[in-house]
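Below is one structure, written out as structure tokens; the observations come after it.
The values are calculated or read from the model by the stated rules, or taken from the named source; none is laboratory data. Bear in mind that the values here come from a model prediction, so they are computed numbers and not experimental data. Cβ placement follows ideal geometry from the backbone for every residue including glycine, while neighbour counts extend to all protein chains displayed. Surface accessibility is based on the protein's heavy atoms, side chains included, excluding ligands, DNA and RNA. Shrake-Rupley method; radii C 1.70, N 1.55, O 1.52, S 1.80 Å.
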Amino acid sequence: MNNFFKILLMIIFFITFFSLYALIHAYFFIKLKSAFNVSPLNQIFLVFFLLLMVFSPAIIRISEKKGLETFAIVLSWIGYFWMAIIFLFLFFALITDIGRFLIFLISKVAGKDLSFLSVFGIKICSKKLYFIFPFIFAFLFVFYGYFEARNIKIERITIQSDKVINNLRIVQISDVHIGLIIRKDRVKDIVEKIKSLGPDIVVSTGDLVDGQIDRLNSIAEILKELNPPFGKYAITGNHEFYAGINQALSFTEKSGFKILRNEGVYIEKFNLNIVGVDDLEATRFGFKPKISEAELLENFQNGGYTILLKHRPLINEQSRGLFDLQLSGHTHKGQLFPFSIITALYYPKHAGCLKDINGCYLYISRGTGTWGPPVRIFAPPEITVIDIIRKF
């Protein structure tokens, strides 16, 4: 019965997603057709292209699973770039439509015809204006966002604590999404940056992978080059389950990480506990923890400094006071403006440090890679350096 409901929910999700995505493309088609005199033949080509783009996420996944990797990579670059453009076009087009409506109201109230006004030589009453401007803005934002996505920022936080007995440096990566778009060159760049930071410990807070893991073993070898003296630790994110949990775990282990699945480790050198929990998606895939997060943390009340690795930046009320710092990711800070507005409304904080009276209590990474479109707008990727200093 549980499997039946899982399948039903998945079917509902896909129908909803592709229906909405198709409606956005229909809106684009109507705006384009009303702005320009498109010939019947070109309309056929345009409809074919838009249908391909609507179903490209599904075609990409199927192609990848069938071993058509080159085709899947090419279509993923085209399809996901287009996804960013069409969503931003929708955003800017709706703004211009609102502006058009306001001009209409002003004309009615003032009793004056404002159709003579123009912008860059295009009359404001022209339908071309209400297509060209949104499309140009969408294209420019995506062009900028591509370069922002490749420019990994180093974020640093420093915490003082009398619980640690030696200073230590932890480097956090999150939401790398290794797959069809995040490949060897990007992973090499991440590894080299981490090496230069001289970490004692490296942690990955979920969504390390996002693809057919059996064809990414060469990337695991690159990640294996990271050898911090006190280990590498990883937890699952939601995408580990989507990509195939067994393959994802195998890849992460081959990359040299110790995976913490509702378990923890004690590092005597620093009097440090690192505790990791599965992502919430684990339950939906039939993985139920034997003990709760709070019960797990209770087992590490040994006077040490306790770091909780948890993919989603949600604080369990029962766990309050049982850890010193939670490291999370998942939000990407929205990745693409204006989606950052949505994540900011949903999460109490969607990036950076949430502080309490003792300093940083929850740190949320913007993520090191990208999901879907290889684009970030006002949400640059990051590698996080956490220096924990002994307080005397």
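Observations, loosely collected:
- Cβ-placed point charges (K, R +1; D, E -1), dipole of the chain about Cα centre in debye, nearest 20: 1060
- FRET efficiency, I165 to L280 (Cβ-Cβ, R0 45 Å, nearest 0.05): 0.85
- Lys/Arg +1, Asp/Glu -1 at C-beta; the chain dipole; positive extreme among V74, L51, N246: L51
- Max mean-square fluctuation residue, GNM over the chain, Cα-Cα springs under 10 Å, options G369, G79, G286: G286
- A Gaussian network model of the chain, with springs between Cα atoms under 10 Å, assigns the largest mean-square fluctuation among L362, L345, L216 to L345.
- Helix 129-150 axis, angle to the chain major axis (alpha carbon atoms, nearest 10°): 20
- Helix 2-35 vs. the chain, principal-axis angle (Cα, 0 to 90°, nearest 10): 40
- The dipole here belongs to the range 188-288: it is taken about the Cα centre, uses +1 on the Cβ of Lys and Arg and -1 on the Cβ of Asp and Glu, and is about 140 debye.
- Note on R169: accessible area is roughly 60 Å² with a 1.4 Å probe, heavy atoms of protein only.
- Cβ-derived FRET efficiency at R0 41 Å, E148 paired with A35, nearest 0.05: 0.90
- Here M10 sits with roughly 90 square angstrom of accessible surface, probe radius 1.4 Å.
- Working from label points 7 Å from Cα in the Cα-to-Cβ sense, the L23 to Q43 distance is 2.3 nm.
- Lysine pairs in the range 287-389 with Cα atoms under 21 Å, if 8 or more residues apart or on separate chains: 7
- GNM flexibility winner over the chain from R215, R61, R100 (Cα, springs under 10 Å): R100
- Accessible surface, 1.4 Å probe, highest first, among residues W82, W77: W77, W82
- Accessible surface of the chain, 1.4 Å probe, proportion on carbon and sulfur as whole %: 64
- Using alpha-carbon coordinates, inclination of helix 184-197 to the longest axis of the chain, degrees: 50
- In range of the label at K254: residues from the range 188-205 whose backbone nitrogen is under 17 Å from the point 7 Å along Cα→Cβ: 188
- Ranking of L260, L249 by solvent-accessible surface, largest first: L249, L260 (1.4 Å probe, protein heavy atoms only, all chains present).
- Between the range 259-302 and the range 196-241, the Cα center-to-center distance that results, in Å: 18
- The range 211-251: equivalent-ellipsoid semi-axes (sqrt of 5 x gyration tensor eigenvalues, Cα, Å): 20, 14, 6
- Given a 1.4 Å probe and the protein chains as shown, I59 ends up with an accessible area of around 50 Å².
- Largest-first ordering by accessible area, 1.4 Å probe, given options Y144, Y233: Y144, Y233
- Candidate lysines for bridging to K31, where Cα separation is under 18 Å - those fewer than 8 sequence places away on the same chain excluded: K123, K127, K128
- Looking at the chain, the accessible area is 50 square angstrom per residue; that uses a 1.4 Å probe and ignores ligands, DNA and RNA.
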